[in-house]
Structure formats: structure tokens, C-alpha cells
1. Pairwise over distinct Cα atoms, reciprocal of the mean inverse distance: report the Kirkwood radius of the chain in Å, one decimal place.
2. Under 10 Å, Cα contacts only: if you run a Gaussian network model on the chain, which one of Thr60, Thr15, Thr25 comes out with the highest mean-square fluctuation?
3. What does the helix-only formula give at 222 nm for the chain: each DSSP H stretch with n ≥ 4 adding -39500 (n - 2.57), the total divided by the residues, and the result rounded to the nearest 500 deg cm²/dmol?
4. Loop only per DSSP, at most 14 neighbouring Cβ atoms within 10 Å: give me the GluC sites (Glu not before Pro) in the stretch 27-67, ordered by residue number.
5. For the stretch 19-35, in order, what is each residue's ³J(HN,Hα) by Karplus, 6.51 cos²θ - 1.76 cosθ + 1.60 with θ = phi - 60°, in whole Hz (x at glycine and Pro)?
Amino acid sequence: MKTIIETQHFTLEETLNDFLTSKLTELKQYNPDIISGLAYLEIDKTENINNKICKIKLETPEGFLSIKKQ
């Protein structure tokens, strides 16, 4: 499975990169038809403690699956 991790407003450390890659790869056990996974991480510039945003987009032959969590 092809894995892409993008970040905005911060630098991705290798440990977080490895963690996300392993978690995205684990999703293949639930749907073996997953072609690729995109993780988009962002830190909003507000002073709020809930300023971290994660968007996951999975590509399958049937289409795309996506989720956003703040």
C-alpha cells in the first residue's frame, strides 16, 4: 500500500512518521483492497488546546474513504 503523510505548520519527526505508516498499513487487514492512504496533519494557529487536526483519506477500487478528527 502506498502511504503519503503531509504536514502543515510543523516538521514531521521520524517516530510519528513510523507510527502513522504502521497504523495506515494495519487498515489493510480490515479492507485488503486499499490502494493508498493519505494522512494530513495540521496544527491550527489558534491558542486553543484542541488545535491539532488529522485527516485520513483511503483510496479503494470502489472510491475514497475519508475521516477528519480534531
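1. Evaluated on the chain, it is 12.9 Å.
2. With Cα springs under 10 Å in the chain, the top fluctuation among Thr60, Thr15, Thr25 is at Thr15.
3. The per-residue figure over the chain is -6000 deg cm²/dmol.
4. Hits after loop and neighbour filter: Glu47, Glu62.
5. Using θ = phi - 60°, the values come out as 4, 5, 4, 5, 5, 5, 5, 4, 5, 5, 6, 8, 8, x, 8, 5, 8 Hz.
Rule-based calculations on the coordinates, nothing more; no lab input. Please read these numbers as outputs of a predicted model, since none were measured by experiment. Positions of Cβ are generated from backbone atoms using ideal geometry, with glycine treated the same way; all protein chains shown enter the neighbour counts.
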